[in-house]
1. Which of (1) open to solvent by 30 Å² or more (accessible area, probe 1.4 Å); (2) in contact (Cβ under 8 Å) with a residue 40 or more places away in the chain does D247 not meet, given it meets every other one?
2. All but one of (1) crowded, with 18+ Cβ neighbours inside 10 Å; (2) over 25 Å from P231 (Cβ atoms) hold for D255; state the number of the condition that does not hold.
3. Give me the residue from segment 319-338 that is of a type outside the set (D, E, K, R) and open to solvent by 20 Å² or more (accessible area, probe 1.4 Å) and, out of that set, nearest to the ligand (Cβ to nearest atom).
4. Go through segment 39-65 and report how many residues are exposed (fewer than 13 other Cβ atoms within 10 Å of the Cβ) and either over 50 Å from the mean Cα position of the chain (by Cα) or touching a residue at least 40 places away in the same chain (Cβ under 8 Å) (or both).
5. Quick one: A351 ticks every box in (1) open to solvent by less than 50 Å² (accessible area, probe 1.4 Å); (2) under 21 Å from D281 (Cβ atoms); (3) at pLDDT 95 or above except a single one, so which number is it?
6. What residue, among those in segment 82-98 that are among the β-branched types (V, I, T) and under 21 Å from T56 (Cα atoms), is most open to solvent (accessible area, probe 1.4 Å)?
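The values are calculated or read from the model by the stated rules, or taken from the named source; none is laboratory data. Computed from a predicted structure; not experimentally measured. A quick note on method: Cβ atoms are made from the backbone with ideal geometry, for glycine too, and the neighbour counts reach across all protein chains shown. These accessible areas exclude ligands, DNA and RNA; they are computed on the full protein's heavy atoms, side chains included. Shrake-Rupley method; radii C 1.70, N 1.55, O 1.52, S 1.80 Å.
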Amino acid sequence: MKAQRRKEMNAMALGMLGRVALSGVLDALLLWGFVHAGVIQSDIALFYGMAVVVVTLVFYLLIRSGFQRRSKDPGLTFPQVVAALLMQTGFLILAPQVGYLFLINFFVIYAFGALGLSTFWNAVSWLIGSLALVLAFSLSSAHLQFPVSNNLSQLLVCLSFILTLGRCIYLANMMSRMQRKITEQNQQLVKAMKRVQELATRDELTNIENRRSLMEILAVEQKRFQRGGTPFCIAILDLDGFKSVNDNFGHAAGDMVLKTFVEIVRNEMRLSDHFARYGGDEFVLVLTGTTVQEGVTALDRICAETEMYDWSKFGKDIILTASIGITDFRPGESIDEAFQRADMALYGAKAAGRNRVMISPDTFESSDGGTTIRAF
Ligand SMILES: Nc1nc2c(ncn2[C@@H]2O[C@H](COP(=O)(O)OP(=O)(O)OP(=O)(O)O)[C@@H](O)[C@H]2O)c(=O)[nH]1
């Protein structure tokens with residue numbers, strides 16, 4: 001993976017170097033035009049062309065050698081910027097007759113640098129460029145010219161501006177494409193993180209909270225209870241005879257039953273309640289801000305809805321009911337203690353004939369199909 005990434009980085013760096021070389025060749029051709037227009041000597045154009053070839057070759061070999069792979073600047077952007085600045089400054093001093101051409105190249109060089117350099121290294125390259133300019137102006141400002149003395153040189157000046165603008169726009173466009181790509185990657189990352197979070201906290205089959213998430217929810221509710229005394233109840237819900245659905249109609253039918261039961265509960269619970277799959281056909285409802293009596297009313301409705309539901313669409317003659325044990329959370333106790341009480345109440349509901357809500361032992365009440373009865 002790392003080797004692949006390095007290969008990609010190297011290919012990108014070489015691609016960029018190719019573009020820089022092409023830019024240098026364009027300048028060499030323009031200079032050749034100025035030779036024909038009688039503005040400069042041919043050796044300046046020749047020398048410029050050779051400098052482009054040598055600098056490109058040196059950076060090509062350096063990037064290919066891979067010695068910079070582990071550095072923060074694997075594409076050698078900073079050395080390339082400095083080399084280009086010094087080269088333009090050198091030719092500004094050597095050929096001030098076409099000095100404007102080397103000066104406007106500074107814009108292209110800094111646009112190139114902005115693609116890959118940090119703020120610090122951009123500032124350093126700006127400082128180096130500024131010092132080089134001071135040197136160049138102090139040595140050759142008296143001879144600096146804007147060569148528009150004949151038609152050909154006018155045409156070449158116009159062409160050089162067009163090409164420079166084109167190169168700046170090209171680099172700016174590259175930058176905005178890179179930014180778009182980064183934005184897209186960030187969005188994908190956020191999506192992936194959301195998915196990971198979902199996988200960690202959601203039950204895959206029913207898309208409600210899973211056991212792990214339930215424990216976190218209960219810990220939060222416990223703290224809230226300890227701080228402000230906001231009451232909450234824990235109810236454990238279990239389908240009666242669910243195993244026979246699997247055995248007689250297959251796992252897929254069993255899955256549909258579980259999903260449907262979740263929908264029944266969701267229709268009856270309040271938005272502030274939490275619903276989790278504890279495992280298999282066992283579910284937990286955390287009823288917040290609710291007393292046991294209030295909770296029982298909602299749970300009775302769940303029992304009634306489950307009993308009335310037409311389960312036969314998942315398998316001939318399926319009849320399903322739910323047993324539920326409920327307890328309130330009490331001061332000073334642990335989640336485990338409350339949970340055990342709810343579990344005992346569920347056990348009581350099963351033992352008392354199923355299809356009912358049973359309130360935890362020391363509350364001494366249960367219900368049967370909506371009718372509250374004493375059971376403990
Ligand atoms: N289809 C399906 N079945 C599951 C899943 N997870 C657990 N089960 C099955 O659910 C059944 C739960 O067993 P029990 O709790 O004994 O089922 P029951 O028949 O409802 O028993 P009682 O609660 O005593 O009425 C087992 O057969 C498990 O294989 C699941 O994700 N999908």
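1. (2)
2. (1)
3. T321
4. 3
5. Status for A351: all satisfied but (1).
6. Among those residues, the one meeting the criterion is V82.
For (1) open to solvent by less than 30 Å² (accessible area, probe 1.4 Å); (2) touching an Asp or Glu at 6+ places or on another chain (Cβ under 7 Å), each residue gets a yes or a no:
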| position | (1), (2) |
| --- | --- |
| V190 | no, no |
| V196 | no, no |
| T201 | yes, yes |
| R211 | no, no |
| A219 | no, no |
| Q222 | no, no |
| R227 | no, no |
| P231 | no, yes |
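This table checks each residue for (1) hydrophobic (A, V, I, L, M, F, W, C); (2) within 16 Å of the ligand (Cβ to nearest atom).
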position: I217; (1), (2): yes, no
position: R227; (1), (2): no, no
position: C233; (1), (2): yes, no
position: G250; (1), (2): no, yes
position: D255; (1), (2): no, yes
position: V296; (1), (2): yes, no
